[in-house]
Amino acid sequence: MDLPARIGKYELEEFLGGGMSHVYRARDTVIGRTVAVKILTEEGCQDAEAKARFLAEARMAGNIAHDNVLSIYDFGEDERHRPFMVMEFLRGEDLRHALKNGHIGDLKSKLKIALQVARALEYVHTQKIIHRDIKPENVHITTNGVVKLMDFGIAKTEGLAMTRAGYVLGTPYYMAPEQVMGQEITEQVDVYAFGVLLFELMTGAKPFGGDSVERIFYSVLNEPVNPEPMLQSGAPQALCDLVTRCTQKSPAQRPQGFTPVCAELEKLLAVQDAPTMVMPAAAPPAPQRPPWLMPVLLLVVVALAAGLYFALQPKPAPKAVAVEKKGPDLPKTLSMASGDMVLVPAGPFLFGENKEKATLPAYYVDKTEVTNQAYAAFCSEKGYKLPKDFKAGKPDFPVVNVSILDAKAFATWAGKRLPNAREWEKAARGPEGLMFPWGNDPDPARANVGSPLGDHLRPVTDFPKGASPYGALNMVGNVWELVEELGQPKPETLDYFRTNKLLKYTPSPNETWYEMRGGSFNDQLSEIRIWDVAHIPAGWRLPNIGFRCVKDPQ
C-alpha cells in the first residue's frame, strides 16, 4: 500500500510487517493518538475461515480491558471490504527479541515479567477465553517494563469453534499434550504453555529440542521437563517446582488456573524484595606494637596536658550571637470539615518526564479526591447547583461532572485552593520522581484503572496500597484531577471539540484552557504517564473528571 494512506479517521504512516495480515503504524487524526492498524490482506480475505478468525479476534480482544493485554480500540472494513482492527501502539520489543538481545535482566526482573503474563491470563480466563498460543512472540515488553499479552488469533471462547476437523492450532513447542492429541481444550493448555514459557524465560532455551514436529510432539507426550537447566541458571527450587507442576502431562495435575500460579510468583518476588542481612567480617588479628610507639605516645600526652592548661585559663566573655528560632514542626495530617489533608514537606523534588530539579515550600494536599458528601455540603450552604447525574446515594465517591470553575468555587468555600502542576506532581510522585505514586513498578491492582467506559468509579478511600509517599490516595486512576495551570491545547484537540457533535460543547474562541492530571478509571495504567497532562476548556465537564485541593500552612 502506498503511504501515507487513509482508512476512515486513521492515517497510515509506516508499514511494520505481517503475513496474512499487514500491520501499520498510524495516527488517529481526531485525537492525535498513535495506533497500530492491522488489515487482513486480499489473500486472507479469500480464506473464509481466516476472515472469520480475524473478526472473532477483533471482537474478542476488543472486550478485554486489562493493563497486561493489548488494547483493541476499534475495528471495521475499509473501502475494499478488507477487515481491519485498530490496536494500542506498543514501543519496546517482544519477549523473543528481549531474550535474544539479553534485555531480560536479573531473576527479579524475570519474575516480574512472568507475574504480569500470569495476571493477564488469569483475567482472560475469567472472560471465558482460552488463548491457546502462549509463546515469547506473543508477549510484548514496553519501554516502561509493562508486559502485554497479544495475538488472540486462535483463541477459543465459549460457543465459538472454527477449527477444521483434525486440524491442530498452536505452536508445537508450547502445545499441551491434549492439544497435540486433538482432545478437548480447556484453560489448562494455557497453564502448560506458561510453564514452557517460564522455563525459557529463566534459561533462554526451550525444554525440548527436535528437528521435526513429530520429534517435538513425541517429547511433549512422553518426556517430562528437566528442571536441571533452570537450577543451573540460578532459579530457586520453588520456581523449578512450579514449572514442573505447570507442565504435567495430565491437565488435572497442573495448577488449576492462574490464581495459584500468581500467588506462587508473588511469594517468590516477596523473597527477592526481602532485605538481606550482611554479617560483619571477622576482626583481623591485632598488629604487633612497634618499638617506637611508646615514646610517641608520651609526647602526645605532654602536648595534650599543655593544651588543657591553656584552655582552662579565664577568657573574656564572648559577644552574644543571634540564633534563628526554628518554628514548630508542622503536623503530618490536617482534619477539616471538607476532608483530611496530608503534609507535603518543604524541599527539593524531581519534576516532569526528564526529572528536573525543583523546590517547593511546605503545603497540605487533600488525602482523597473531593467527595460527593463534601461537595453537596458546599452546594447546600452556598446555593450552588449540584452537578449533572449527581450520586447523592454514594457520599464517599468522588464528585464528577464539575468544571474547573466549579472546583475553584468549592476550594474558596473550603478555605483551600487548587494545586498548581508542580504541587500536584510532587504530592503524587514524592521527592524522587517515582513513575507511579507507590513506586516504579506498574501494578494495576493498586489503582482504579483499566475499566471500560461506564460508571466504574470507586470510593475515594479505596486502593490504600496505591498511596503516594505522603499518603495521598488515587492520584492515578479513578478520576482525572483538575489543576490550576493554564494549558495550550494542540490543534487536533481543538479540532476534536469543534467537529465531534457528540460532545455537545464548542469552546469559545477566547475560552481559557486548563490542565488535568492522573488519568481515570477507563485509562490503562500503561497509558498513564504521571507527568503527562490533558487540556480542557474551563467550562468542560465529564463523568470521569474530579479534583482535590491544597492548602498553605498557617
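For this structure, a couple of remarks:
- Given (1) open to solvent by less than 30 Å² (accessible area, probe 1.4 Å); (2) at pLDDT 85 or above; (3) closer than 28 Å to G8 by Cβ, index of the condition Q116 fails: (3)
- Test result for V278, modelled with pLDDT under 70, over 30 Å from P177 (Cα atoms) and in a helix (DSSP H, G or I): no
- Test: residue in the stretch 176-194 that is in a loop (DSSP other than H, G, I, E, B) and either under 29 Å from the mean Cα position of the chain (by Cα) or charged (D, E, K, R) (or both): yes
- Selection within the stretch 88-112 - open to solvent by less than 20 Å² (accessible area, probe 1.4 Å) and hydrophobic (A, V, I, L, M, F, W, C): L95, A98, I104, L111
- Residue that is modelled with the highest pLDDT [pool: residues in the stretch 462-510 that are surrounded by 20 or more Cβ atoms within 10 Å (Cβ to Cβ) and assigned to a helix (DSSP H, G or I)]: G466
- Criterion: outside any strand (DSSP E or B) and either modelled with pLDDT under 90 or touching a strand residue (DSSP E or B) at 6+ places or on another chain (Cβ under 7 Å) (or both) - qualifying residue of A377, A411: A411
- With respect to (1) closer than 20 Å to L525 by Cα; (2) out of contact with any Lys or Arg (no Cβ under 7 Å at 6 or more places or on another chain); (3) modelled with pLDDT of 90 or more, the lone exception for H103 is condition (1).
- Some residue of the stretch 5-18 being closer than 30 Å to D443 by Cβ, modelled with pLDDT under 80 and surrounded by fewer than 19 Cβ atoms within 10 Å (Cβ to Cβ): no
Residues are listed down the side, and each one gets a yes or a no for (1) touching a residue at least 12 places away in the same chain (Cβ under 8 Å); (2) out of contact with any Leu (no Cβ under 9 Å at 6 or more places or on another chain); (3) over 17 Å from R458 (Cβ atoms); (4) small (G, A, S):
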position	(1), (2), (3), (4)
L360	yes, yes, yes, no
K367	yes, no, no, no
Q373	yes, yes, no, no
E381	yes, yes, yes, no
G393	no, yes, no, yes
P398	yes, no, no, no
K408	yes, no, yes, no
G415	yes, yes, yes, yes
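- Strands (runs of 3 or more DSSP E) wholly inside the stretch 1-61 that include at least 3 residues being touching a residue at least 60 places away in the same chain (Cβ under 8 Å): none
- Where E93 falls short, out of the listed (1) more than 19 Å from the chain's Cα centre (by Cα); (2) in a strand (DSSP E or B): (1)
- Some residue of the stretch 219-233 being touching a helix residue (DSSP H, G or I) at 6+ places or on another chain (Cβ under 7 Å), modelled with pLDDT under 90 and either over 22 Å from H103 (Cβ atoms) or part of a helix (DSSP H, G or I) (or both): no
The values are calculated or read from the model by the stated rules, or taken from the named source; none is laboratory data. Bear in mind that the values here come from a model prediction, so they are computed numbers and not experimental data. Cβ coordinates were reconstructed from backbone atoms using ideal geometry, including for glycine residues, and neighbour counts include every protein chain displayed. SASA here: full protein model, heavy atoms, side chains in, ligands and nucleic acids out. Shrake-Rupley method; radii C 1.70, N 1.55, O 1.52, S 1.80 Å.
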